[in-house]
Amino acid sequence: MFRGSLVALLTPFDGDRIDEAALRRLVDWHIKEGTHGIVPVGTTGESPTLTHDEHCRVIEIVAEQAAGRVPVIAGAGSNNPVEAIEYSNCAQQVGADATLHVAGYYNRPSQDGLYAHFKMLHDATELPIIVYNIPPRAVVDVQPQTMARIAELPRIVGVKDATGDLARPWAERQLIKKPFAWLSGEDGTAVSYNVAGGQGCISVTANVAPRLCSQLQELTLAGKWEEARALQDRLLPLHQAMFVEPNPACPKYGLSLLGLASEHCRIPVVPLQESTKARIRRVMEELELI
């Protein structure tokens with residue numbers, strides 16, 4: 001079971017090349033700060049603008065540097081199941097513990113089509129699979145009945161839920177009876193999602209505040225809801241600041257303020273406006289991160 005604060009890890013660049021040294025430092029920093037798991041090459045990792053070789057190389061570096069200290073859930077999703085299988089096989093070869101799969105964008109499959117996509121992945125790969133349900137980006141929504149059907153496949157072990165629907169985990173828990181990881185895909189709903197039965201969050205904010213995000217998740221897992229709510233109140237301005245402009249420009253700038261990586265993103269993600277930079281700096285100062 002995957003749980004706690006799992007960082008949706010940024011991919012640092014040196015110019016237009018992957019900064020491999022910075023990537024290794026980030027993995028070590030996250031483990032030191034208490035991050036419970038690392039999720040490379042998702043949306044926040046700029047997977048849409050990485051080449052196939054770069055995608056696999058990032059997973060390899062993260063898995064090698066983590067060295068079993070925390071689980072590595074490799075982003076491997078594609079609207080093309082053949083490509084998703086290729087990424088999954090790469091993730092297995094380089095030592096990842098599981099894969100994260102989004103599906104549906106552009107080709108907009110039916111619910112039966114979504115099931116067929118995940119069954120094809122499941123039957124052709126060997127690692128545990130977490131379904132990434134994010135209708136705002138993927139266009140289609142994996143409905144609860146479909147999620148339950150997908151979960152019948154033995155190595156479908158959880159969901160990253162970015163639907164924003166806080167009734168969703170309640171509905172899915174009525175249908176899925178096996179051990180299953182319900183993980184929020186939105187920092188702003190992380191506490192509320194865990195009230196509904198979630199066990200963690202795949203977090204953007206954890207890129208710049210890993211210790212606080214880890215503490216937040218540990219409070220919810222211990223049932224300390226009042227303390228978790230108080231910490232989430234403090235973190236909310238940072239959660240909001242991370243999405244003032246398209247992801248991952250905001251967390252990358254935050255990371256640059258910590259001196260851990262460059263703020264450079266690949267086009268079409270462009271540099272932040274000065275007003276956004278000032279807002280991020282202010283909220284990070286208020287949290288005593290810088």
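Being assigned to a loop (DSSP other than H, G, I, E, B) and either over 15 Å from the mean Cα position of the chain (by Cα) or not charged (D, E, K, R) (or both) is the filter here, so list the residues in segment 93-109 that pass it.
95, 96, 102, 103, 104, 105, 106, 107, 108, 109
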Subject >> Number of the exception - residue 202 against (1) of a type in the set (Val, Ile, Thr); (2) under 14 Å from residue 6 (Cα atoms); (3) assigned to a helix (DSSP H, G or I) >> reply: (3)
Subject >> Set 6, 26, 10: member being in a loop (DSSP other than H, G, I, E, B), out of contact with any Phe, Trp or Tyr (no Cβ under 7 Å at 6 or more places or on another chain) and crowded, with 21+ Cβ neighbours inside 10 Å >> reply: 10
Original post:
Which one of 245, 288, 218, 263 is assigned to a helix (DSSP H, G or I) and not hydrophobic (A, V, I, L, M, F, W, C)?
Top reply: 218
Subject >> Residue that is surrounded by the most Cβ atoms within 10 Å (Cβ to Cβ) [pool: residues in segment 83-122 that are on the phi > 0 side of the Ramachandran plot and at pLDDT below 95] >> reply: 104
Subject >> The lone exception for residue 42 - which of (1) more than 26 Å from residue 249 (Cβ to Cβ); (2) in a loop (DSSP other than H, G, I, E, B); (3) out of contact with any helix residue (DSSP H, G or I) (no Cβ under 7 Å at 6 or more places or on another chain) it fails >> reply: (1)
Original post:
Among the residues of segment 110-125, which ones are out of contact with any helix residue (DSSP H, G or I) (no Cβ under 6 Å at 6 or more places or on another chain) and outside any helix (DSSP H, G or I)?
Top reply: 110
**OP:** Kindly provide the set of residues from segment 129-143 that are in contact with a Lys or Arg (Cβ under 7 Å, 6 or more places away or on another chain) and surrounded by fewer than 20 Cβ atoms within 10 Å (Cβ to Cβ), ordered by number.
**Re:** 139
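The values are calculated or read from the model by the stated rules, or taken from the named source; none is laboratory data. As the structure is a computational prediction, the values presented were derived from the model and not from experiment. Neighbour counts run over all protein chains shown; Cβ positions are idealised from the backbone, glycine included.
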